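Some notes on the structure that comes next.
The values are calculated or read from the model by the stated rules, or taken from the named source; none is laboratory data. In this text the structure is predicted, and so the values were computed from the model without any measurement. Reconstructed Cβ throughout: ideal geometry from the backbone, glycine too, with neighbour counts over all protein chains shown. These area figures cover heavy atoms from the full protein model, side chains too; ligands, DNA and RNA do not enter into them. Shrake-Rupley method; radii C 1.70, N 1.55, O 1.52, S 1.80 Å.
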Amino acid sequence: MERSSIVFPEERLEEILKILKSEGKLKVKDLSIKFNVTEDCIRKDLKVLENKGYLKRTYGGAVLFRESAHEQDIVSRKDIDISSKTIIAQKAFDIIEDRETIFLDISTTNIILAKLLSESSKNITVVSNMLEVINVLSNKNNITAICIGGILNKNLNGFVGAASIELISKYKFDKTFIGSCGIDVFDKSITTFQIEDGITKSSIIKAGKKNYIVMEKKKFYYDGNYKFASLDDIDSIITDELIDDDIKNILIENGIEII
């Protein structure tokens with residue numbers, strides 16, 4: 001950080017937030033030098049910002065505040081953020097081409113995508129480990145629906161675990177559409193809740209030629225508790241709104257397409 005000229009306290013708080021959003025973390029010593037104020041002054045600034053919910057103070061600095069997503073079963077999540085999920089599903093639908101083999105992961109957005117596909121004339125093969133996706137597509141002559149079996153997770157209404165992974169590993173998918181609880185661009189982590197779901201998602205990504213994360217913009221600020229992939233493992237993120245420039249720039253630097 002370069003030394004800055006003296007600024008008013010309110011301006012300093014705004015600058016600290018800009019730095020935090022860009023870098024993901026701060027050090028008191030660096031900020032003290034940049035703003036030409038005491039470290040105690042910076043600590044007070046960080047306390048103010050923490051009280052406002054912008055950051056979490058750590059030893060010697062602070063990190064961007066991120067919420068822990070709360071685990072819910074698939075039925076509870078189906079009716080949440082429907083308009084956002086529909087936007088995402090439509091974007092995903094638009095990039096699926098005839099004669100492709102795609103994988104639809106356990107995701108409430110993918111249920112909507114399956115319904116869009118069921119109403120279309122696209123001739124494709126859809127592989128999924130989610131029961132509702134298969135049910136939606138089961139009577140469509142233009143779509144070959146393949147269900148990945150295994151151990152049924154009732155909360156997810158889908159199959160996960162070793163048996164599912166064994167079947168998934170036999171395929172090469174043109175495109176995969178993967179749900180996520182959150183992405184932290186600063187440490188490149190893509191997360192979910194349950195380990196069995198996570199390792200199943202990882203196997204889907206390994207079998208995909210192009211891998212898409214489907215998730216709402218808000219999930220850039222949420223974390224699950226199990227990392228199943230890194231930004232290096234995916235090709236694109238399909239989301240509902242324009243994302244903040246600091247996050248967008250990091251994704252572009254990592255070669256991630258934003259749809």
Margin query: I'd like the full set of residues that are closer than 16 Å to residue 208 by Cβ and crowded, with 21+ Cβ neighbours inside 10 Å, limited to the range 174-196.
Written below: 175, 176, 177, 178, 179, 180, 190
Notebook entry, point to check: On the given criteria, is residue 146 touching a helix residue (DSSP H, G or I) at 6+ places or on another chain (Cβ under 9 Å), open to solvent by 10 Å² or more (accessible area, probe 1.4 Å) and touching a residue at least 40 places away in the same chain (Cβ under 8 Å)?
Noted result: no
Next item on the list: Considering each of 138, 120 in turn, give the residue that is under 14 Å from residue 93 (Cα atoms) and of a type in the set (Gly, Ala, Ser).
Entry: 120
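Hey, can you tell me all the residues within the range 54-74 that are part of a loop (DSSP other than H, G, I, E, B), open to solvent by 80 Å² or more (accessible area, probe 1.4 Å) and at pLDDT 65 or above? Walk me through it before giving the result.
Looking only at the range 54-74, we keep the residues that are part of a loop (DSSP other than H, G, I, E, B), and these are 54, 59-60, 65-66, 69-73.
Checking the rest, the ones that are also open to solvent by 80 Å² or more (accessible area, probe 1.4 Å) come to 54, 59, 65, 70-72.
Selection gives 54, 59, 65.
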Margin query: Being acidic (Asp, Glu) and either without any contact (Cβ under 8 Å) to a residue 40 or more places away in the chain or not in a loop (DSSP other than H, G, I, E, B) (or both) is true for just one of 240, 246. Which residue is that?
Written below: 246
Notebook entry, point to check: So which residues in the range 155-173 are surrounded by 14 or more Cβ atoms within 10 Å (Cβ to Cβ) and touching a Lys or Arg at 6+ places or on another chain (Cβ under 9 Å)?
Noted result: 160, 168, 173
Next item on the list: For residue 93, state whether it is out of contact with any Pro (no Cβ under 9 Å at 6 or more places or on another chain), of a type in the set (Phe, Trp, Tyr), open to solvent by 10 Å² or more (accessible area, probe 1.4 Å) and more than 25 Å from residue 259 (Cβ to Cβ).
Entry: no
Item checked: Residue that is of a type outside the set (Asp, Glu) and surrounded by 23 or more Cβ atoms within 10 Å (Cβ to Cβ), where the choices are 131, 117, 152 -> 117
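Can you tell me how many residues within the range 147-198 are polar (S, T, N, Q) and closer than 30 Å to residue 98 by Cα? Can you show your working first?
Filtering the range 147-198 down to residues polar (S, T, N, Q) leaves 153, 155, 157, 164, 169, 176, 180, 189, 191-192, 194.
Among the residues that remain, those that are also closer than 30 Å to residue 98 by Cα are: 157, 164, 169, 176, 180.
So the count comes out to 5.
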Next item on the list: Specify the residue that is least open to solvent (accessible area, probe 1.4 Å); the eligible residues are those in the range 197-225 that are in contact (Cβ under 8 Å) with a residue 40 or more places away in the chain and polar (S, T, N, Q).
Entry: 200
Next item on the list: Take the residues in the range 226-259 that are modelled with pLDDT under 90, under 24 Å from residue 86 (Cα atoms) and acidic (Asp, Glu), then tell me which one is most open to solvent (accessible area, probe 1.4 Å).
Entry: 245
Next item on the list: May I ask you to list the residues in the range 22-41 that are surrounded by 16 or more Cβ atoms within 10 Å (Cβ to Cβ), in contact (Cβ under 8 Å) with a residue 24 or more places away in the chain and in contact with a helix residue (DSSP H, G or I) (Cβ under 7 Å, 6 or more places away or on another chain)?
Entry: 26, 28, 31, 35
